[in-house]
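Read the figures in this text as sums done on the coordinates, not as results from a lab. Here the structure is a predicted model, which means the values were calculated and not measured. Heads up, the Cβs are rebuilt from the backbone with ideal geometry, glycines too, and the neighbour counts pull from every protein chain shown.
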Ligand SMILES: NC(=O)c1ccc[n+]([C@@H]2O[C@H](COP(=O)([O-])OP(=O)(O)OC[C@H]3O[C@@H](n4cnc5c(N)ncnc54)[C@H](OP(=O)(O)O)[C@@H]3O)[C@@H](O)[C@H]2O)c1
C-alpha cells in the first residue's frame, strides 16, 4: 500500500491524497452497484479514506452506497463529505439568487438529517453547500444553521463546493473564517484556483478538495469527437459539439508531452498532486482498474520540472455558459 496522506486544513485530519468522487455511481448511465461497491472496497483496502458524495447523486443513492461500504469496514475511519442540494434545484446558482430561496436554515438542517440517515452515520465529516454565491458570505442564516449542526455533533466541518469555472466565487466567504473546506475544479486545464482561491486557503488553513481532475473525462485521453453516452447521461448535455470538439483538441495537444509508460490520466493526477495547497483529489471512479491506477499515483513521485512548466501552458480559462452546468 503506497497511499500518502495530507492534513485537511484546520481539522487536522490525515486524509488520503487520492480521495473518491462518488457522483458517477449515483447517477450516470451504465453504473452498476455491484461493480461500484467492488471499486469502493478496493479503494479502502488500498488506503483511501476520503469520500465525496451528495444527496443529489441519485437522490441519496450514492450516500447509501457509502453506508454499505462503511458497514463493511467498521474498523476503519472513513471520512465522508456530502452536500446539501439547492432548494430551488438549480445548478449552478446564479448572481442575484437569494440565500433564502437556496439554503434556508431549516432546510439546511432537514437535508443534513436526510444525509445522516442515507449514510448511516452519526456525524458527517464535511457538510458542503452544493452551489454557492459569494454574496452570501456574511449572512447569518447559514452560519448559525451550520454552527448549530456542529454543536449538536451532526457535522464536523463546513465547506462550499464552488460552481464550475468560478473559483473566485468563494474567496470572500473563505475570508469570513467560517469555512473549513472548499471543493473546486482544479486540473491541467483549470489552473485558475491558483490565482486567488488557493492563497486564501493557505492563509485561512482551509482544506482543499480538488474535483473533476479529468475534466469529466477529457483528461483521460479517451474521448473522441464522436463520443456519445447512453440516453439520459448528463454528459450528452455537457459535451455538446462546441465543448467536445474543443476539449478533444486540447487533450490531443497534450499527447506529445506524456512521458513513456505513463497514461494521460496518470499525468493529470500527478500534475494536481504537485500542488501542496490541495489536500485531496477526488477522481470519479466506478471500476476497480481505475481505482488501482489512480491510487498508484500517490507515491510521492513528481513530474519533472520541465514537464510541469510545459503543462502550465495548457491552462484553459473558460466562462460558464448555458451548457456548462
Ligand atoms: N458541483 C459539485 O460539487 C461537483 C460537480 C462535479 C463533480 N463533483 C465531485 O467530483 C468528483 C469527480 O468528478 P467527476 O466524477 O465528475 O469527473 P472526473 O473525475 O474528472 O472524471 C470521471 C471519469 O473518469 C473516468 N476515469 C477515472 N479514472 C480513470 C483512469 N485512471 N483512466 C481512465 N478513465 C478514468 C471515470 O470512469 P468510471 O466512472 O467509469 O470509472 C469517469 O468516466 C465527482 O465524482 C463528485 O464527487 C462535484
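Criterion first (within 13 Å of the ligand (Cβ to nearest atom) and surrounded by fewer than 13 Cβ atoms within 10 Å (Cβ to Cβ)) does residue 313 satisfy it? Answer is no for this residue. Checked against the criterion of being closer than 18 Å to residue 233 by Cα, under 16 Å from the mean Cα position of the chain (by Cα) and touching a residue at least 24 places away in the same chain (Cβ under 8 Å), segment 61-80 has at least one qualifying residue.
Kindly indicate whether any position in segment 124-131 is over 19 Å from residue 67 (Cβ atoms) and either away from the ligand (no atom under 16 Å from the Cβ) or part of a helix (DSSP H, G or I) (or both). No: zero hits. Screening residue 209 against (1) more than 13 Å from the ligand (Cβ to nearest atom); (2) touching a residue at least 40 places away in the same chain (Cβ under 8 Å); (3) part of a strand (DSSP E or B) leaves a single unmet condition, (1). Sub-7 Å Cβ pairs linking a first residue in segment 272-288 that is closer than 13 Å to residue 52 by Cβ to a second residue that is in a loop (DSSP other than H, G, I, E, B) and more than 14 Å from the ligand (Cβ to nearest atom), at least 6 apart or interchain, are 279/8; 280/17; 281/17, ordered by first then second residue.
Out of the residues in segment 217-262 meeting the condition of being without any contact (Cβ under 8 Å) to a residue 60 or more places away in the chain and near the ligand (Cβ under 9 Å from one of its atoms), tell me which one is surrounded by the most Cβ atoms within 10 Å (Cβ to Cβ). Looking at the filtered set, the residue picked out is 218. At least 2 residues being surrounded by fewer than 17 Cβ atoms within 10 Å (Cβ to Cβ) and away from the ligand (no atom under 13 Å from the Cβ) is the threshold, and among the strands (runs of 3 or more DSSP E) wholly inside segment 1-103 those reaching it are 5-7.
Looking at residue 163, is it within 11 Å of the ligand (Cβ to nearest atom) and in a loop (DSSP other than H, G, I, E, B)? Yes: the conditions hold for residue 163.
Of all the numbered requirements in (1) without any contact (Cβ under 8 Å) to a residue 40 or more places away in the chain; (2) away from the ligand (no atom under 16 Å from the Cβ); (3) under 24 Å from residue 25 (Cα atoms); (4) part of a helix (DSSP H, G or I), residue 112 misses one, and that requirement is (1).
Take residue 193 and tell me if it is assigned to a helix (DSSP H, G or I), within 15 Å of the ligand (Cβ to nearest atom) and in contact with a strand residue (DSSP E or B) (Cβ under 8 Å, 6 or more places away or on another chain). The answer is yes for residue 193.
Residues of segment 295-325 that are part of a helix (DSSP H, G or I) and out of contact with any helix residue (DSSP H, G or I) (no Cβ under 6 Å at 6 or more places or on another chain): 295, 305, 306, 307, 308, 309, 312. Scanning segment 143-158 for residues that are surrounded by 14 or more Cβ atoms within 10 Å (Cβ to Cβ) and part of a loop (DSSP other than H, G, I, E, B) turns up just one, 154. The set of residues from segment 270-290 being more than 8 Å from the ligand (Cβ to nearest atom) and in a helix (DSSP H, G or I) comprises 270, 271, 272, 273, 288.
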